[in-house]
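The values are calculated or read from the model by the stated rules, or taken from the named source; none is laboratory data. Quick caveat: nothing in here was measured; it's all calculated off a predicted structure. When we count neighbours, we look across all protein chains shown, and the Cβ atoms used for this are built from the backbone with ideal geometry, even at glycine. These accessible areas exclude ligands, DNA and RNA; they are computed on the full protein's heavy atoms, side chains included. Shrake-Rupley method; radii C 1.70, N 1.55, O 1.52, S 1.80 Å.
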Amino acid sequence: MTDTDQDSEIAAMIGGAIAGFIEARHSPARVRMLLKDPTGYDRAVWTHMAEEGWLTARLPEGSGGVGLSLTTTASMVRAFGGALLPEPLIACAFMPSAILASCGSDALLSDLMSGQHLATLAWQESIAQTAPAPPTTRLESAQDGYRLNGRKLNVPHGATCDILLVSALHGDGATAIVTVQAGAAGITVTPHDHREGGRFASLDFVDVEIPGDALLLVGEAADRALDQAITEGTVLLSAYLAGMSEKILEIATDYARTREQFGRVIGSFQALQHKLVDLAMRVRLTTATIDHATRALDRDLPSADAAVAAAKASSAGTAFLVSRKAIQILGAIGYTQEADAGLYLTAAIGLTPWLGGERHQRRRFATLALTKDD
C-alpha cells in the first residue's frame, strides 16, 4: 500500500467518525447560537473532540498523539469547515501542539490532549504580519524568573483561552517562547468585535511575572517551532475555508435544482449553469492547491512555503467569492438570517484575513517564487 492509499484509507475512517459527530452534535442552529456567544465555542464539545483524538491529530505518537500527516489532517479539517464547526481546532490545538511537541512539555501536552485547557499562540505584533520576525515583546530576567513586557495583536481566542504561548525577545537577543497563564497580573485583554465570526484579541503585557520553568524554547528551536506552527496553521486554515466553499456551493446548487421561476427550475437556465460550473472549477482548483501544499510539507520539499502561500491565497479568495455568488443565486432569501448561506459569508469575512488574506498571500507567493528563481 502506498502512502497516498494509506492516507486515503485513514481519511475515510476519520471522515465517517466526523460525519456521525456532526449529525449528532452540530447544526446550523448551533452556529447561530455560538455567534452570539463571546467565547464562540462549547467546552463540552471540545472535550468530546479531545476524547476522539482530534485535538492531537498532528502530535507524534511518541508524544501521545495520533501522528497524522498534514494531508490527512487537512481532509479532516475540510469536513469541519463544511459544517462551520466553531471550535478552534486550528488555533487552539494544532498550532499550540506544534510548539509543545518541540519542547516536550508533558504537563502542557496532557492538558491539551485531555481538552482540559485551551492554549493559543500569541506571536503577531503588526496587523499585516504573517510570518515570524524578531519580536519587540521582551522577556527579561528577574529575581524569581522573568518579566514580560510588550503587545500582541490578532491573538485567536485570546480573551477566553486558559494558556498563552507567547513569543518574545530573550535577554540575549534570541527568540523565546514562554507559557503564560491567562488572567495573570499585568495582562490587559482587548477583545475585537466578533460580529463577523472572528474571535481575536489584543494582549498587553506589563511587567508580567513569568516563573523560570515557563520558558519553553529559546533561539533556533523557538524559531523553528514558531515557523512550523504558523505554516501548518496557514495550510489547515486553507483547508477549513475550502470545506466552507464546497458546502456553500452544494447549498446553492441544490437550490438551483429545486427553485422554479417562469415555469422552470432555475438550474435549467444556461447563464446560471455557467456560473455554477465556474464556481465548481474554482473550488476544485483550490482543493488541488491545498493538497499540493500539504504533500509538499509532508515531504519537506523546498517549494513548500510557496505552495502554502498559493493555497491560502486561493482558499481565501474562493471562500469569499463562492459565498457571495451563492447568496446571489439564492436571491432575496439568501440575505435572511434564516438562510444558512449567510453563515458562510459571515465566516468568510471573519476568517479569510487571518494569517494573510488573498492579496497578501499572492504577493508572498510571488516573492518566494522570484527568490527561488534567483
So which of H194, H157 ends up being at pLDDT below 95 and touching a strand residue (DSSP E or B) at 6+ places or on another chain (Cβ under 6 Å)? H157
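If you go through the range 118-139 one residue at a time, do you hit one that is at positive phi and in contact with a Gly (Cβ under 7 Å, 6 or more places away or on another chain)? Full working, then the answer.
Within the range 118-139, the subset at positive phi is none.
Scanning the range 118-139 turns up no residue that is at positive phi and in contact with a Gly (Cβ under 7 Å, 6 or more places away or on another chain).
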Sort through A288, A280, A339, A326 and tell me the only one that's assigned to a helix (DSSP H, G or I) and either of a type in the set (F, W, Y) or open to solvent by less than 20 Å² (accessible area, probe 1.4 Å) (or both). A326
It is to be established whether one or more residues within the range 49-59 are under 30 Å from G342 (Cβ atoms), assigned to a helix (DSSP H, G or I) and without any contact (Cβ under 8 Å) to a residue 40 or more places away in the chain. no
Just to be sure, is L112 aliphatic (A, V, I, L, M), farther than 20 Å from I187 by Cα and touching a Pro at 6+ places or on another chain (Cβ under 8 Å)? yes
Regarding the range 62-72, can at least one residue be identified that is touching a residue at least 60 places away in the same chain (Cβ under 8 Å), within 17 Å of S97 (Cβ to Cβ) and in contact with a Gly (Cβ under 6 Å, 6 or more places away or on another chain)? no
Pairs, first farther than 25 Å from G158 by Cβ and among the hydrophobic types (A, V, I, L, M, F, W, C) in the range 22-41, second open to solvent by less than 80 Å² (accessible area, probe 1.4 Å) and not in a helix (DSSP H, G or I), C-beta under 8 Å, six or more apart: I22/A83; I22/L85
Given the criteria at pLDDT 90 or above, in a loop (DSSP other than H, G, I, E, B) and under 30 Å from L226 (Cβ atoms), does L368 qualify? no
Residue match in the range 223-230 (condition: touching a Phe, Trp or Tyr at 6+ places or on another chain (Cβ under 8 Å), open to solvent by less than 20 Å² (accessible area, probe 1.4 Å), β-branched (V, I, T) and in a helix (DSSP H, G or I)): yes
Within the range 296-352, can you find the residues that are among the charged types (D, E, K, R), in contact (Cβ under 8 Å) with a residue 24 or more places away in the chain and farther than 30 Å from F269 by Cβ? D298, D305, K312
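Would you mention how many residues in the range 250-277 are within 30 Å of L236 (Cβ to Cβ) and either exposed (fewer than 14 other Cβ atoms within 10 Å of the Cβ) or acidic (D, E) (or both)? Let's see the steps before the verdict.
Let us first name the residues in the range 250-277 that are within 30 Å of L236 (Cβ to Cβ), namely 250-255, 275-277.
With either exposed (fewer than 14 other Cβ atoms within 10 Å of the Cβ) or acidic (D, E) (or both) added as a condition, the list becomes 250, 254, 277.
Count: 3.
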